[in-house]
Structure formats: structure tokens, C-alpha cells
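Read-outs throughout are calculated quantities, based only on the coordinates presented, and are distinct from any laboratory measurement. None of the values given here were measured: they were computed from a predicted structure. For neighbour counting, all protein chains shown are included, and Cβ atoms are generated from backbone atoms with ideal geometry for every residue, glycine included.
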Amino acid sequence: MTSPQGAAELGSRSDVPSSGDERRNGEVPAAIAVEGLTKRFGSGDDAVTAVDDVSLRIEPGSVVGLLGPNGAGKTTTIKSILGMVVPDTGTVRVQGIDVAERPRAAYAHVDAMLEGARNDYWRLTVRENLRYFATIGGVAPDSVADRHDRLLEQFGLAEKADEAVRNLSRGMKQKVSLASVLASDADVVFLDEPTLGLDVESSLTLRRELRRIVEERGLTAVISSHDMDVIEAVCDRVIIMNEGHIAADDTVANLRRGFETSAFRLTSPDLDAETLTTVRDRFEVTVATTPDGTTTVEVATDSDGFYELTALLGARDVSLTSVETVEPDLEDVFVELTGDGGTER
């Protein structure tokens, strides 16, 4: 749960600069700075390059989504930053501190919630977990008791505070994991699939509260998730990896604008099978549904194609009850950039 090096690696924070620290020049360091990161697995003809010369910089107080299909190198990049994988080449700095030179000082700033792991101690109660992880993060739990009470309220855990985690539902356990990460004084947090196992209402609550907590405490957060709605709602910026490289790095709005493809959604009660066949022959029709006798088609085309389409429909006396421009979402951008994934790296 806490700093990936484990409790034994966590000493008190040290801001005394060494030769490898950015802050020695008096500049405000990046929360995370990665330069030239490369990691290969295996050797000879069987060698696989999971991460290939990746560089990125994440500023303090920002929330960044790190995305990638299976095999993109995302997991290896995260584990390299967290010290769980030793890269072949490259440097990683956390709050200006070189993690290879001073791992204790660097990882004292970090906490992580890793999907698929037992992030909490299930025999302890919810509140005991928060106190425990604050303690191994170097914080006296009594000094942050008010923070823990707020976290319990924010994530709907107050009524379960004295319940053993093992007795909770999967979704509630997920909330405890997130609250435990936020229980200490870590100022850089990694959250892998934070909404996994949550129902829609709980997921919406988590998005709202996570954004609020990040802003209140000035946290830097790196979020990895397959839930694009979470990424769009919470993140200031998105980094998309593919085949060991960074394929895109920008705000959600800029990514959507940069990869916009024209499409139009038309609804009509007059679209019969023959007309639909003609439309399919001439255009790329991505959606065609017929609820209650009304047909909706989504056609990928540009403005010239749109006028051709409406002329075709007009010639067949097809009246349109609605016409909408379809805006691409983050998932559209992701698919266009990465295509299908492969094996997890």
C-alpha cells in the first residue's frame, strides 16, 4: 500500500539536496520526472523491450491519467517509477530526488494503490487500517485523526469504521484502499483502477471526492484506469502509451480536438431497409438501431458527405426528426492511437 519500497525503507523525509537533485539549482522540481527510461525483459532473440526511451514530467498538484492497452509498457513504467522494477537505463526523480541515489527520501513522498493486490489488512478495522498506513508513512496517527474522520465521511465509510475489512463488500474494500493511501502525508499518489468494483453511484462519489481532496491538499496524482469516464472527469492531462512509447500527452480536450473524426447521428421514422442498404453502400454506418419504429443511424463522413447523405435521403422522401454532430470521446482517441492491445507488460 504505502511507499513501494515497504515500511522498512521509509525513513523521515529529507530535503537536503544531493548531486542528483533538481532542487539544488533553486528551481521548483517536478513531482515526477522520468528521463530516457528503458526496460527490456529476457535476452537474445527472446528479448522484449517493454519501455523504450520514455521521458515524462508531471508537475506538482496535477492529476494525470496514464493509459495504455495491454503490452503498451504502462505497467512497467509505473513499476519503474515506484521502484518495483529496476530499469536498464534512465533516471526517475520524485520531488526532485533521484530514486536510485536516495530511495528512502524519494519514496517518503509516495503512496500507491495497486489494483489486484491486497492493499489493506483485512483483519483490521477500517479505521485501524487508516491509522496503520499513516504510521508506516511516518505520521503520528493521532495528529491526522481529523483527516481520517473526513476520509471516512467522504467515501461513505463512517458507519463501517469499526468493522473488519474482511467483512466488507468488494466495493467497500476498494474505498478503504483509497482512503488508506490518502491517510498519510504522501504528496504523490499512484492510483491503479480506483473505481474497480464500485457501483455507478459510488464511482461518481469517488470521482467528486478524489478531485476535491487532491485540490485541498495539493496532491499530485497519477491515475491508471480502463474507465475513461473517470479519466475524463478527474484528470488535468492524459498520457497514452503504446508499444513502449508515449503516443500522446495532452489535455483531454486537446486530444479530442486533435483526433476528431466527423460523424453525424440522424433519426427518422422513414428509414426503411432499402434506404438503409443504400446508405450502407455509400457511407460508413457505425450505428443503426430501431427502437419503437424509429431508426437512428450514425454516419462517419465529412461536411461534403453530409450534404450528399441528406440529398440522398431527401430524394427518397425521408424526413429527419433530429440531426446531431457526434463528438469523439477519450475512448475514441485511445482506440485510434493504440488499436488492439497485446500481452500485459
The FRET efficiency for residue 100 and residue 250, from their Cβ-Cβ distance with R0 = 30 Å and rounded to 0.05, is 0.55
Amide H neighbours of residue 243 at under 5 Å, excluding residues fewer than 5 places away on the same chain, with H built from the backbone geometry, are 72
Here the FRET efficiency for residue 164 versus residue 217, based on Cβ atoms and R0 = 41 Å and rounded to 0.05, is 0.90
Most packed first (mean Cβ within 10 Å per residue), the peptides 245-252, 37-44 order as 245-252, 37-44
Correct semi-axes for region 210-307, from √(5λ) of the alpha-carbon gyration tensor and rounded to whole Å with the largest first, are 39, 17, 12
One quarter of the C-alpha convex hull surface, i.e. the mean projected area of region 40-199 in nm², amounts to 11.0 nm²
HN-Hα couplings for region 42-59 via Karplus (6.51, -1.76, 1.60; θ = phi - 60°), in whole Hz with x for Gly/Pro, come out as x, 8, x, 5, 8, 5, 10, 8, 7, 10, 10, 6, 8, 10, 7, 9, 10, 7
Listed by chain and number, the residues whose amide H is under 5 Å from that of residue 238, excluding neighbours fewer than 5 places away on the same chain and using placed H, are 65, 250, 251, 252
With the 8 Å Cα cutoff and a minimum separation of six or more residues, region 261-326 has a relative contact order in percent of 52 percent
The answer for residue 124, listing residues at least 5 apart or on another chain whose modeled amide H is closer than 5 Å to its amide H, is 165
One computes Rg over Rh for region 237-286 from alpha-carbon atoms, with the Kirkwood Rh, and obtains 1.25
Place a point 7 Å from the Cα of residue 336 in the direction of its beta carbon; the residues of region 41-79 whose amide N falls under 18 Å from it are 67-69
Sorted largest first, the Cα spans of the chain on the principal axes come out in Å as 76, 53, 41
Within the chain, pairs of Lys residues whose Cα atoms are less than 12 angstrom apart, provided they are eight or more positions apart or on distinct chains, add up to 4
Kirkwood radius from Cα pairs of region 261-326 plugged into Stokes-Einstein at 10 °C, 1.306 mPa s, gives D in µm²/s equal to 137 µm²/s
